[in-house]
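The values are calculated or read from the model by the stated rules, or taken from the named source; none is laboratory data. On a predicted model such as this, the values are computed, not experimentally measured, just so you know. Here the Cβ is made from the backbone with ideal geometry for all residues, glycine too, and neighbour counts use every protein chain on show. We work out accessible area using only protein heavy atoms, side chains counted, and drop any ligands, DNA or RNA first. Shrake-Rupley method; radii C 1.70, N 1.55, O 1.52, S 1.80 Å.
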Amino acid sequence: MVADPEPEVEEEEEPALTTVDAGHAPVKPLTLAIDIGGTGLKASVLDATGAMVADRVRMPTKYPLPPDGSGGLVPTLVKLVKPLPEADRVSAGFPGMVRAGKILSAPHFVTESGPGSKIDHQLEEAWSRFDLAGALQEALGKPTKVANDADVQGAAVVQGQGLELVITLGTGFGTAIFLDRRLLPHLEIAHQPFRKGETYNDQLGERTRKDVGDDRWNTRVNKAITLLDQLLFFDHLYIGGGNARRVRRDGLGDVLERTTVVDNSAGILGGLRLWEGNHLGV
Ligand code: BGC
């Protein structure tokens, strides 16, 4: 008997976002929030209170994925958000290093056929310094901000108390660090050496979890959390992303009482925060 293939990592989460109450007008301005993931592309429109004005739309991320042109990210996103109501502004979380709306690294999207596959140098060139905020702004006709996906997600969940670390466990390993609610400069911890000559991303990403199984993956997650605590002495840790629910609490030791597992829909809600008081400095 052939076992059912395991569902893709981000498929399993249902958003815990609230919707605008029937009979109530959404509070303006409306934000189109896009969550660009290595496995799926998701979007919804939120009103100023963070309530969803329309159901979330989603499509799988198709590879190869150049930034623009036929089959590229920008036209794909335009298609994805077409069924959604018109918004006043746009936010997008991107799985890589982003500065001032430009892409400095796109680890998943420079590969030939998805995470773990060969790097395509033409894609690398196409993504390098690509002005994603500018391109989306032009394609959607609304002011647009783009930031790292973990930073965006973190902005929706931190409480503003001390040093808060957000990690996201999905296709890749995302991190965001906040001090008293203020986002600190993004660090691509994902691509730093972790163990056995491999990076955090290599060892904690979805591809590896499927390879090594949940037990060994959990041991690694615990080790990563211990190392990050030794580095940052975080006051609180938030674990998000499609695989957050697979983290075994009993392995977290004394970090457990400083840990909250958060819903993946924070990737959408964080899009609103991007516009609040220039929260993420973008
Ligand atoms: C990227 C990070 C991103 C994370 C989660 C990693 O591969 O390097 O920038 O935040 O994946 O998507």
* To do: May I ask you to give the solvent-accessible area per residue for the chain, in square angstrom, as obtained with a 1.4 angstrom probe?
  => 46 Å²
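Give me the number: length gained by fully extending Arg249 to Lys223, i.e. 0.36 nm times residue separation minus the C-alpha to C-alpha distance, one decimal in nm.
Working: separation 26, 0.36 × 26 = 9.36 nm, distance 1.33 nm.
Fully extending the segment from Arg249 to Lys223 adds 8.0 nm.
By the gyration tensor of its Cα atoms, with a ≥ b ≥ c the square roots of the eigenvalues, what is the shape of the stretch 81-205: rounded for a/c under 1.5, prolate for a/b over b/c, or oblate? Mind showing how you got there, number by number?
Working: a/c = 2.02, a/b = 1.09, b/c = 1.85.
Oblate.
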* Size of the stretch 34-106 along its principal axes in angstrom, Cα-based, largest extent first? -> 33, 24, 19
* Structure fact -> Given backbone amide H placed at 1.01 Å from N, residues whose amide H is under 5 Å from that of Thr168, ignoring those fewer than 5 places away on the same chain, are Gly174, Thr175, Gly240
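Could you give the length gained by full extension between Ala16 and Asp215, i.e. 0.36 nm per residue of separation minus their alpha carbon distance, to one decimal place?
Values: separation 199, 0.36 × 199 = 71.64 nm, distance 2.74 nm.
Difference between extended and current length: 68.9 nm.
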* Structure fact -> Cα-based Rg/(2.2 N^0.38 Å) for the stretch 205-261, rounded to two decimals, is 1.09
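Which percent of the accessible area of the chain is formed by carbon and sulfur heavy atoms (probe 1.4 angstrom)? Before the final figure, lay out the partial values.
Numbers: 6520 of 12990 Å².
C and S fraction of accessible area: 50 percent.
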* Structure fact -> Simple SL model, points at 7 angstrom along Cα→Cβ for Met59 and Ser117; separation in nm is 1.7 nm
* Asked: For the pair Arg129 and Ala25, what calculated FRET efficiency results from E = 1/(1 + (r/R0)^6), where r is the Cβ-Cβ distance and R0 = 35 Å, to the nearest 0.05?
  -> 0.30
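Within the chain, what's the longest run with no GluC sites (Glu not before Pro) in a DSSP loop and at most 12 other beta-carbon atoms within 10 Å? Give the range, please.
113-275
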* Please give the length that would be gained between Thr49 and Leu256 if that part of the chain were fully extended, namely 0.36 nm times their separation in residues minus their C-alpha to C-alpha distance (nm, one decimal). => 71.4 nm
* Structure fact -> Listed by chain and number, the residues whose amide H is under 5 Å from that of Gln192, excluding neighbours fewer than 5 places away on the same chain and using placed H, are Tyr200, Asn201
